[in-house]
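Have a look at the structure below, then the notes.
Derivation of every value follows stated rules applied to the coordinates shown; laboratory data play no part. For clarity, every value in this text was computed on a predicted model and none was experimentally measured. Neighbour counts are summed over all protein chains in view; Cβ atoms, including those assigned to glycine, are modelled from backbone coordinates with ideal geometry.
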Amino acid sequence: MADANRTPRNEQSEPLSPTGPQQVIEYGDYRAVLTGVGAGLRGLSHRGRPLVVKYPVGQAPPGGAGQLLVPWPNRVRDGRYAFNGQEQQLDISEPATHNASHGFVRWLPWRVVAEDAASVRFGLRLYPMHGYPHILELTASYRLGEGGLSVEVAARNVGPTAAPYGIGAHPYLTLGLGPGSLDDAVLELPADTWIPVDERLIPTGREDVGGTGYDFRKARAIGDTRLDTAFTDLHRDADGRARVRLTSPDGGRGAELWVGEEIGWLQLYSGDGLPGAYRRAGVAVEPMSCPPNALATGEDVVRLEPGERVAHHWGISAL
């Protein structure tokens, strides 16, 4: 067991990593690597076996691997939305679809505000950005324990006006077997509803998963299914958590991602558009507190009043 008084090691790199300083935390058989830029999850392993797709320290995150998505996840059509009676225009960060995508903080430098051998907490004060005239005090806390990794992403509105708010995260669960291995993996996804989208990846409605290729309520092989799909109406266990599991065909290895009661959406992406070694090497299982285009529709967006704080929780463990 790790010494709780020991300071996490830094992974040093020359030249400087595009994801900033690297924080390593350990507990028992678990090891995680977190990034100073974006407060993201660059690696997580159990007894040396990767649970998430990891990328080299000298590289930017492929396909958004491990990044935090704040103050909105997924996409906003044309970057336009209204809040408090005012029209807002976000910068278009996804030119191919002319959308604003995945918030601001995944490219910003966070500071370490607390740490020990098994945990690290990052902090960031998000000042007004183009199309988002609010001030948030953000924290991202990662902790390893007997049950694996637990994460809390929290925000306090320290500005003078109410703010719209949502969160997401972008870890890729993996069996660590390389590109294309997702085809043989077994997925269990406790969701009753999937979200069809248009050519710009904006929702056009919602449909029952029953009788479709998106029904993974009973664990089954992914096969050639291509996923870039949001799901909701999650089944929860007695502790209020919903759990997604990715396992090998024989059940001998796997990873589980759980979300707390305050997270009602999951986006799954099978990585078909990723390059080389990352293509279908894992599946992004993205906790989201609100659906795609939520800033525009208002669905499940938190109205964060001045002085109010909100926290969202998720985690990953070995199977």
Using only DSSP helix segments of four residues or longer, with each worth -39500 (n - 2.57), what per-residue ellipticity at 222 nm results for the chain after dividing by its residue count and rounding to 500? 0 deg cm²/dmol
Please give the peptides 96-109, 247-260 ranked by average Cβ packing (other Cβ atoms within 10 Å per residue), highest first, as a rough proxy for protection. 96-109, 247-260
Between HIS130 and ASP300, the two model label points (7 Å from Cα along the beta-carbon direction) sit apart by a distance in nm of 2.9 nm
Amide H within-cut-off set for TRP72, under 5 Å, with H built and near neighbours excluded: GLY103, PHE104, GLY166
Once the Cβ-Cβ distance between ARG226 and GLU261 is put in as r, and R0 is 35 Å, what FRET efficiency do you end up with, to the nearest 0.05? 0.70
Within the set VAL52, VAL158, VAL283, GNM on the chain using Cα springs under 10 Å gives the largest fluctuation to VAL158
GluC sites (Glu not before Pro) in region 179-255 lying in a DSSP loop, each with at most 15 other Cβ atoms within 10 Å of its Cβ, come to GLU199
For THR225, net neighbour charge (Lys/Arg +1, Asp/Glu -1) across residues whose Cβ lies under 15 Å away: -1
Sorted from fewest to most neighbouring beta carbons within 10 Å, what does the list ASP237, ASP184, ASP78 look like? ASP237, ASP184, ASP78
Could you run the Karplus curve 6.51 cos²θ - 1.76 cosθ + 1.60 with θ = phi - 60° over region 113-125 and give me ³J(HN,Hα) per residue in whole Hz, x for Gly and Pro? 10, 7, 6, 8, 4, 10, 8, 8, 10, 9, x, 8, 9
Work out how far the C-alpha atoms of region 9-318 reach from end to end along every principal axis, then list the three figures in whole Å, largest first. 55, 49, 40
Using Cβ counts within 10 Å as a stand-in for footprinting exposure, how do ARG77, ARG226 rank, fewest first? ARG226, ARG77
For the residues ASP183, ASP233, what sequence is obtained by ranking on other C-beta atoms within 10 Å, fewest first? ASP183, ASP233
Would you calculate the separation in nanometres between label points at GLU308 and ASP192, each defined as 7 Å from the Cα along the Cα-to-beta-carbon direction? 2.7 nm
Once the piece of chain linking ASP215 and ASP91 is laid out straight, how much longer is it, given 0.36 nm per residue of separation minus the C-alpha distance between them? 41.1 nm
